[in-house]
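Take a look at the structure set out below.
The values are calculated or read from the model by the stated rules, or taken from the named source; none is laboratory data. Here the structure is a predicted model, which means the values were calculated and not measured. Cβ sites come from the backbone with ideal geometry, for glycine too, and all protein chains shown count toward neighbours.
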Amino acid sequence: MRELIRRLSETHSLTLEEYERLITGRDEESAKILRALSVRVRRDFYGNDIYIRGLIEVSNICRNDCYYCGIRRGNSRCERYRLSHDEILACADEGYRLGFRTFVLQGGEDLYFNDERLGGIIRGIKSKYPDCAVTLSLGERSRESYKFLRSCGADRYLLRHETADSGHYAKLHPAEMSYDNRMKCLRDLRELGYQVGCGFMVGSPFQTSRNLAEDLKFIEEFRPEMCGIGPFIPHKDTPFGNYHAGIVELTCYLLSVIRLIHPAVLLPSTTALGTIDPLGREKGIMSGANVLMPNLSPVSVRKKYELYDNKICTGEESAQCRECLSRRMRKIGYEIVTCRGDFKR
Ligand code: SAH
């Protein structure tokens, strides 16, 4: 293990088999070494700074039916909503006041948000706040659409690949969705000049260590600017409602590994991690993550954007979340900073 870790940290690359061994052979000692190395390289790039992204959950209406997701089309118990142009801009106003310089528009694949409407929202935010980055996380769209939204000012796009194994992908999604299209979208986004984020859930149903090794290999090769990983957490009204949640320890271990594969990557310590462990986000940061994505959505809709059960921070105002996170980060020696927080080349 020591030899594998040494080689990973020096060459930023291992074979698929080696990644798999790194996962199956992990123990407290290897986790500790990986943590120390990853915290050190993260410091070289980003110091003690933690970047924040204001997450605006624009709609929970979705045409897709992903088996793991609480806002899937088939969940008839989900109470649907979508925010208006003005409501989204009001979230950005509040966020700007609180020191956010990146806004992430995330939502289900809601056809109401066609190019014209979305373009208007992006332009609205960028003209009012030219010093801010706009990130989209709105699922699969056509290359033309991605191109148009980029021309309206969108800077970044988050589209988790979910799993880099097409067989596993087919077990998490209905037949009408395809691994190939997901990957095509990621390539299109990259070619159009977005900063791109991929990512996956840890402990999703049917996931093997081999699958995780494939995810790591994919990240090594694709070299995304951002990478979102968090534990799978069941949602009671989905086909995976009775499966086990992913584990904190493995999620943090993988955060460290990803930091070593790709030292400059922007790596969030996710809300899902904070949901399965009250100190999950702190643990993520101490394992090599450097980004937090607190919620800026109106409190009235937060509970409805429930991708998984018991999601945290659905009752607090944005200002409270911002305060709480600053305090938590300071306590472990990090500082939330007010800046766009771009990827460092
Ligand atoms: N519709 C957009 C946004 C999806 S929500 C898209 O397709 O990209 C953002 C991420 O939440 C998903 O990519 C998925 O990885 C994660 N997610 C969904 N359901 C989850 C669950 N039950 N547990 C943990 N993460 C989940």
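Modelled with pLDDT of 95 or more and in contact with a strand residue (DSSP E or B) (Cβ under 9 Å, 6 or more places away or on another chain): is that true of Ile52 in this structure? Taking the combined requirement at face value, the residue satisfies it.
Given the condition under 21 Å from Gly107 (Cα atoms), at pLDDT 95 or above and not acidic (Asp, Glu), answer yes or no: does some residue in region 205-222 qualify? Spell out the reasoning first.
Within region 205-222, the first condition is being under 21 Å from Gly107 (Cα atoms), and the residues that meet it are none.
Within region 205-222, none of the residues are under 21 Å from Gly107 (Cα atoms), at pLDDT 95 or above and not acidic (Asp, Glu).
Summed over region 92-109, the residues that are out of contact with any Lys or Arg (no Cβ under 6 Å at 6 or more places or on another chain) and closer than 24 Å to Arg141 by Cα give a count of 6. Residues of region 71-84 that are away from the ligand (no atom under 16 Å from the Cβ) and either surrounded by 13 or more Cβ atoms within 10 Å (Cβ to Cβ) or among the acidic types (Asp, Glu) (or both): Glu79 alone.
Scanning region 35-70 for residues that are within 16 Å of the ligand (Cβ to nearest atom) and either surrounded by fewer than 18 Cβ atoms within 10 Å (Cβ to Cβ) or farther than 20 Å from Ala133 by Cβ (or both) yields Ser59, Asn60, Ile61, Cys62, Arg63, Asn64, Asp65, Cys66, Tyr67, Tyr68, Cys69, Gly70.
For Cys91, indicate whether it is within 16 Å of the ligand (Cβ to nearest atom) and either of a type outside the set (Lys, Arg) or in contact (Cβ under 8 Å) with a residue 24 or more places away in the chain (or both). In short, no. Checking each residue in region 319-338 for being in contact with a strand residue (DSSP E or B) (Cβ under 7 Å, 6 or more places away or on another chain) and more than 30 Å from Phe240 (Cα to Cα) picks out Leu325, Ser326, Met329, Tyr334, Glu335, Ile336, Val337. The set of residues in region 179-217 being surrounded by 20 or more Cβ atoms within 10 Å (Cβ to Cβ) and aromatic (Phe, Trp, Tyr) consists of Tyr194, Phe200. Every test in (1) hydrophobic (A, V, I, L, M, F, W, C); (2) more than 10 Å from the ligand (Cβ to nearest atom); (3) out of contact with any Pro (no Cβ under 8 Å at 6 or more places or on another chain) is passed by Ile247 save one, and that test is (3).
How many residues are more than 20 Å from Phe100 (Cβ to Cβ) and in a helix (DSSP H, G or I) when one looks only at region 274-299? Can you show your working first?
Step one: of region 274-299, the residues more than 20 Å from Phe100 (Cβ to Cβ) are 275-280, 282-283, 286-288.
Narrowing the set further to residues that are in a helix (DSSP H, G or I) leaves 275-276, 280, 282-283, 286.
The total comes to 6.
Tyr68 satisfies every condition listed in (1) out of contact with any strand residue (DSSP E or B) (no Cβ under 8 Å at 6 or more places or on another chain); (2) assigned to a loop (DSSP other than H, G, I, E, B) except (1). Residues in region 150-172 that are surrounded by fewer than 23 Cβ atoms within 10 Å (Cβ to Cβ) and more than 28 Å from Ser209 (Cβ to Cβ): Arg150, Ser151, Cys152, Gly153, Asp155.
Looking for whichever is crowded, with 23+ Cβ neighbours inside 10 Å, over 17 Å from Ile336 (Cβ atoms) and within 15 Å of the ligand (Cβ to nearest atom) here; the options are Gly274, Gly230, Gly241, Gly284. Which one fits? Reasoning before the result, please.
Working: Gly274 fails: over 17 Å from Ile336 (Cβ atoms); Gly241 fails: crowded, with 23+ Cβ neighbours inside 10 Å; Gly284 fails: over 17 Å from Ile336 (Cβ atoms).
Among Gly274, Gly230, Gly241, Gly284, only Gly230 is crowded, with 23+ Cβ neighbours inside 10 Å, over 17 Å from Ile336 (Cβ atoms) and within 15 Å of the ligand (Cβ to nearest atom).
The residues on offer are Ser178, Ser127, Ser142, and the sole one that is more than 16 Å from the ligand (Cβ to nearest atom), over 27 Å from Leu22 (Cα atoms) and modelled with pLDDT of 95 or more is Ser127. Just name the residue that is modelled with the highest pLDDT out of those in region 305-329 that are away from the ligand (no atom under 15 Å from the Cβ), assigned to a loop (DSSP other than H, G, I, E, B) and acidic (Asp, Glu). Applying the filter and picking the extreme gives Glu317.
When the residues of region 250-271 are filtered to those that are among the aliphatic types (A, V, I, L, M), away from the ligand (no atom under 16 Å from the Cβ) and assigned to a helix (DSSP H, G or I), the one that is surrounded by the most Cβ atoms within 10 Å (Cβ to Cβ) is Val257.
Based on what the data block shows, is Leu105 more than 16 Å from the ligand (Cβ to nearest atom), of a type in the set (A, V, I, L, M, F, W, C) and touching a residue at least 12 places away in the same chain (Cβ under 8 Å)? Criteria not met by Leu105.
For region 108-120, give me each residue that is in contact (Cβ under 8 Å) with a residue 24 or more places away in the chain and within 16 Å of the ligand (Cβ to nearest atom).
If we filter region 108-120 for residues that are in contact (Cβ under 8 Å) with a residue 24 or more places away in the chain, which is where we start, we get 108-113, 115, 117-120.
Listed by number, the residues that qualify are Gly108, Glu109, Asp110, Leu111, Tyr112, Phe113, Leu118.
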